[in-house]
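The structure under discussion appears below in the form of C-alpha cells.
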Amino acid sequence: MAEMKGADAVVQALEREGVEVIFGIPGGASIPFYDSLYSSSIRHILMRHEQGAAHAADGYARVLGRAGVCSATSGPGATNLTTGLANAYMDSSPVVAITGQVATPFIGKDAFQETDVIGITMPITKHNFQVRSVSEIPEVVRKAFHIAQTGRPGPVLIDLPKDMQEGTAEVEFPEEVSLMGYRPTYDGHPKQVREAARAILEAERPVILAGGGVIISGASEELRQLAELIPAPVVTTLMGKGSFPETHPLSLGVLGMHGRREANHAVTESDLLIAVGTRFSDRSTGMVSCFAPEAKVIHIDIDPAEIGKNVRAHIPVVGDAKRVLGQLLGVLGEMRRRERSRSWIEKVTLWKKEFAPELEYDDVPLKPHRVIKEIMEFLGEDDIVTTEVGQCQMWAHCYMQRSKPRTFISSGGLGTMGFGFPAAIGAKVAKPEVRVVDIAGDGSFLMNIQELATAVVNEIDVIVAVFDNRYLGMVRQWQELFYDRRYSAVDLGSSPDFVKVAEAFGAFGIRVERPGEIGDALKQAAEAGKPAVVDFVIERECNIFPMVPPGKCLKEVIG
Amino acid sequence: MQEEHFIVALVEDRPGVMQRIAGMLRRRNFNIDSISVGSTEIPGVSRITMTVHGDRQTLEQVMKQLNKLIEVVKVSELRQAESVVRELALIKVSVKNERARAEVVQYASIFRARIVDVAKQSMMIEITGDEEKLSAFIELMRTYGIVEIARTGKVIMARGARSVKVRETR
Ligand SMILES: Cc1cc2nc3c(=O)[nH]c(=O)nc-3n(C[C@H](O)[C@H](O)[C@H](O)COP(=O)(O)OP(=O)(O)OC[C@H]3O[C@@H](n4cnc5c(N)ncnc54)[C@H](O)[C@@H]3O)c2cc1C
Ligand SMILES: Cc1ncc(C[n+]2csc(CCOP(=O)(O)OP(=O)(O)O)c2C)c(N)n1
Ligand SMILES: [Mg+2]
C-alpha cells in the first residue's frame, strides 16, 4: 500500500504493464495525467490528431501482438478517438485508450468538453471503464490490459475524471485480477478435435482457410505443419495474410471479393473447409448460400459467438488456434493415415499456374501492378506493409506476397481510409529496425496527412507509397461497373501536389511517372534519412480485378 | 421455427450494465419481448430475465453475444415446460357504481388477485401469474374501464434442484 496521486497511480500501473509508448494529445481534462507522464520513462509520441493516435496504437499492437496505448482529452479528443477504436474492435486489435473526463461533480451537467465517452464507445470497445475512486485505479488498469490482450483481443477504454487524476488515496497494485464473467476458452474440446481429425482423414478435397486469428494466436508454425501433413492447399483472408507464406507451394493466396481465382475456386470445390481464426466476413465469403457448397466445415475460433454466426459449422472447435492446431496435429499423428490421391493438389497447382497474374507492365502512366511488384521486391520478408483503403489496398491484398505474420497490416473490418499512415508510424515505433511502407491511395492519405508532422518531428522514417489516381478509385470502379459510369463525387482533381506537401512538412518527396524509375525512387526514399512520400502517378481508371460482384458467389469472378 | 425462449442472465451489478445489454440487443437486431431485472441471493449480482422470439440460431446468438459482455457472469436458457414462469401486474380499474365494485372484487378473488387500494371511483388490483392468467384477467377488467396497468415482465425459475448459479471463481 502506498499513498499516491491518481495520475501517478495510472502511470505506475501502465509501467507495470510494460507500456513503453503512448500515442496521444493532451488537453484540459488530462493535464494531471500528462504531468505524471512527464517524469515517467514511458515515451509519449505527440500525434497531430487523436484518430492518428488510435491508429498508431493499433498498428503498434498488431506488430508486437501486445497492447498499444493511446490517449486523448475529454470531449472532442475522445470523440476523435472513436474511429480508431471502432477500427481496432472490428479487427480484434488490443488497444488501450485513456481519456480525460470532466471532474466527477460535473458529470451530467454538460460541463465544458464533457461527452459521454462511455456511452459512445460501448458498442466499439471490448469493454470500458470509468474510474469512480482513486483507489481502484491499479485494478482498473490491470483489468483493462487483461481484457484487451486475452481471449479475442480488442480495444478497452479507461475514462479518467479529472478529480480522480488529482485526488490521492492508498493504492495497491494487484498482480492478478478476477473477472467473474470473463474466462476465455483456450483448449479445444478433445472430442471435437478427434472429430475434426476424422473429417480430415476422410476428405478428398480439403482446403485450409486461415484468418486473422491465426496471426493473433501465433499459430503459423502449427498451420504450416498441418497443411504439409494433410497435405491441403491454404487460402487466407485479408486479415490472415502472412499467416502462411504466400511463397509456399501449398499457398493459393487470398480469397474473397478481390481474392485470387485459384483461392476462390478451391474453396468452392472443396469437400472439407478447415477454417481457423476467421469470422467469415461477407467480403471473404461472397454470397453465403453458395459458399463452399459441398464442404463440411471445421471452424476453429476462440470466440464462441463466431461459430454459426455467418456460416454453419459442422464441427465447431472453440479454442485458441495455436493450441487447437497443436492438439489436432497430435491426434492426427496417432491416427492411421491412408494415402490420399494427389489429384486435388495437382488440380489446384494447375489453377495456380493458369491464373498467375501479370505484373510486368511497362505502361505510362504506371500500372499499379508494376508498382506493387517493385515494392514487393524492395521489401525483405521482415519488413512491414500497412495499407490505406480502396483499390490501393486491394492491389496489395491480391498481388503482394507476404510470407510472415504481422508484416501486412490493413484495416479489414471497418475499412478506414486514413488508417495506413498512422498505423505505419505505430509499426515503425514498434520495430524501428525494419522498413515500413504504407500502400496509400491519394484520397486515403489526405485523411491523416497531418501525421507527416509527427513522423518528421519524431524521426519515424516510414515510406508512404501513394497510388495516385486522383480518384476515390474504389468507389469510381463500382460506379463504372454497376452504376453506368455515372462518376458521382469521386474526382479528386489536381490538388494537392504530394511532393510539395511532403517537403513542406520536412519529409522527402518524389514523383514517379515511368516504370523504370520505381526502383530508384524507392531506394532514394529509403535512404533519405527522413520520412518519405513517393507519388506514383498511376493509370487513372485502372480497375482491381479479379472481382466477385456484391451478392454473387465466389466462383462468379469477373475481370 | 419461431418460438418464445426464456433466457436468464446473471450480471454484475454495475452502473451501465443494462445499457450494455440493451445496446447490444438493439445493435444486433434481436427482438426482446419482455425483460425484467432484480437482485439475487449473491450480493453484487443481478438477475435479468428476458423472453426472445426467434429460431434456435437467433437464441444461440443472443446467448453467446450476452456471454461476451464482460459484466455478464452467466447465461442460461430455461424451458417453459420445466419451469415456473410468473409475472406481477398492478391494474387500476374504474368502478363507476356499487355493482361494478362488487363484481371486480368477486373476479379478483376468483383469480386469487388482491385489492391493494380503493378509492371512490377506482380500485387497484395486484395479480400474479402466468401470461394466460394475467391476460384473461385484464380482458375481464376492460369491461369496467382500465385506468392504468403496470407489469413487471416475466421472471422464471427451473423446477426441482436445478439452478442458475455463478461458477466458483478462483
Ligand atoms: C475494400 C475492402 C475489400 C475487402 N476485400 C476482402 C477480400 O476480398 N477478402 C477478404 O478476405 N477480406 C476482404 N476484406 C476484409 C474483410 O472486410 C474482413 O476484415 C476480413 O475478411 C476478416 O478476416 P478474418 O475473419 O480472417 O479476420 P478477423 O476479422 O481479424 O477475425 C479474426 C477471427 O479470429 C478469431 N480469433 C481471434 N483470436 C484468436 C485465437 N487466438 N485463436 C483462434 N481464433 C481467434 C476471432 O474470434 C475472429 O473470429 C476487405 C476489406 C476492405 C476494406
Ligand atoms: C473514412 C472513409 N470514408 C469513406 C470510405 C468509402 N471509400 C471506400 S474506398 C474509397 C476510395 C479510396 O480512395 P483512395 O484512397 O484514393 O484509394 P483508391 O481506391 O483510389 O486506390 C472510399 C471513399 C471509407 N472506406 N472510409
Ligand atoms: Mg485514389
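The values are calculated or read from the model by the stated rules, or taken from the named source; none is laboratory data. None of the values given here were measured: they were computed from a predicted structure. Cβ sites come from the backbone with ideal geometry, for glycine too, and all protein chains shown count toward neighbours. Ligands, DNA and RNA are excluded from the accessible area calculation, which covers all protein heavy atoms including side chains. Shrake-Rupley method; radii C 1.70, N 1.55, O 1.52, S 1.80 Å.
Things worth noting here:
- Residue ranges of helices (runs of 4 or more DSSP H) in the stretch A:381-450 with at least 2 members within 14 Å of another protein chain (Cβ to nearest Cβ), over 22 Å from residue A:524 (Cα atoms) and more than 14 Å from ligand 1 (Cβ to nearest atom): none
- Taken over the stretch A:202-220, residues that are farther than 21 Å from residue A:279 by Cα and open to solvent by 30 Å² or more (accessible area, probe 1.4 Å) amount to 3.
- Filtering the stretch B:1-22 to residues that are surrounded by 18 or more Cβ atoms within 10 Å (Cβ to Cβ), among the hydrophobic types (A, V, I, L, M, F, W, C) and within 13 Å of chain A (Cβ to nearest Cβ) leaves B:9, B:10, B:11, B:17, B:21.
- If you filter the stretch A:102-123 down to residues that are closer than 24 Å to residue A:13 by Cα and within 14 Å of chain B (Cβ to nearest Cβ), you find that the one that is surrounded by the most Cβ atoms within 10 Å (Cβ to Cβ) is A:117.
- Residue check for residue A:395: at pLDDT 95 or above, within 16 Å of ligand 3 (Cβ to nearest atom) and under 19 Å from residue A:254 (Cβ atoms): yes
- Which numbered condition residue A:347 misses (of (1) within 14 Å of chain B (Cβ to nearest Cβ); (2) in a helix (DSSP H, G or I)): (1)
- Counting only residues that are under 19 Å from the mean Cα position of the chain (by Cα) and in a loop (DSSP other than H, G, I, E, B), the stretch A:110-127 holds 2 of them.
- Condition met for residue A:449 (of a type in the set (A, V, I, L, M) and open to solvent by less than 20 Å² (accessible area, probe 1.4 Å)): no
- Close contacts from the stretch A:89-100, counting a first residue that is within 14 Å of chain B (Cβ to nearest Cβ) and a second that is within 16 Å of ligand 2 (Cβ to nearest atom) and at pLDDT 95 or above, with Cβ to Cβ under 6 Å and a gap of 6+ residues or different chains, come to A:89/A:124; A:90/A:413; A:90/A:414.
Condition check ((1) within 16 Å of ligand 2 (Cβ to nearest atom); (2) assigned by TED's automatic domain parsing to the domain that holds residue A:474; (3) open to solvent by 10 Å² or more (accessible area, probe 1.4 Å)) across all residues:
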site: A:342; (1), (2), (3): no, no, yes
site: A:361; (1), (2), (3): no, no, yes
site: A:375; (1), (2), (3): yes, yes, no
site: A:381; (1), (2), (3): no, yes, yes
site: A:385; (1), (2), (3): yes, yes, no
site: A:391; (1), (2), (3): yes, yes, no
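- Scanning the stretch A:453-482 for residues that are more than 16 Å from ligand 2 (Cβ to nearest atom), crowded, with 22+ Cβ neighbours inside 10 Å and assigned to a helix (DSSP H, G or I) turns up A:454, A:455.
- Test for residue B:47: is it among the basic types (Lys, Arg), over 16 Å from the mean Cα position of the chain (by Cα) and not in a helix (DSSP H, G or I): no
- Only residues that are within 10 Å of chain A (Cβ to nearest Cβ) and over 16 Å from residue B:58 (Cβ atoms) were counted in the stretch B:23-43, giving 2.
- Restricting the stretch B:64-81 to residues that are open to solvent by less than 40 Å² (accessible area, probe 1.4 Å) and part of a helix (DSSP H, G or I), the residue that is nearest to the other protein chains (Cβ to nearest Cβ): B:65
- Condition check for residue A:61: assigned to a helix (DSSP H, G or I) and either touching a strand residue (DSSP E or B) at 6+ places or on another chain (Cβ under 7 Å) or within 14 Å of chain B (Cβ to nearest Cβ) (or both): yes
- Taking the numbered list (1) within 16 Å of ligand 2 (Cβ to nearest atom); (2) touching an Asp or Glu at 6+ places or on another chain (Cβ under 7 Å) in turn, residue A:404 passes all entries but (1).
- One residue alone among A:184, A:161, A:190 is surrounded by 22 or more Cβ atoms within 10 Å (Cβ to Cβ) and in contact (Cβ under 8 Å) with a residue 60 or more places away in the chain, and that residue is A:161.
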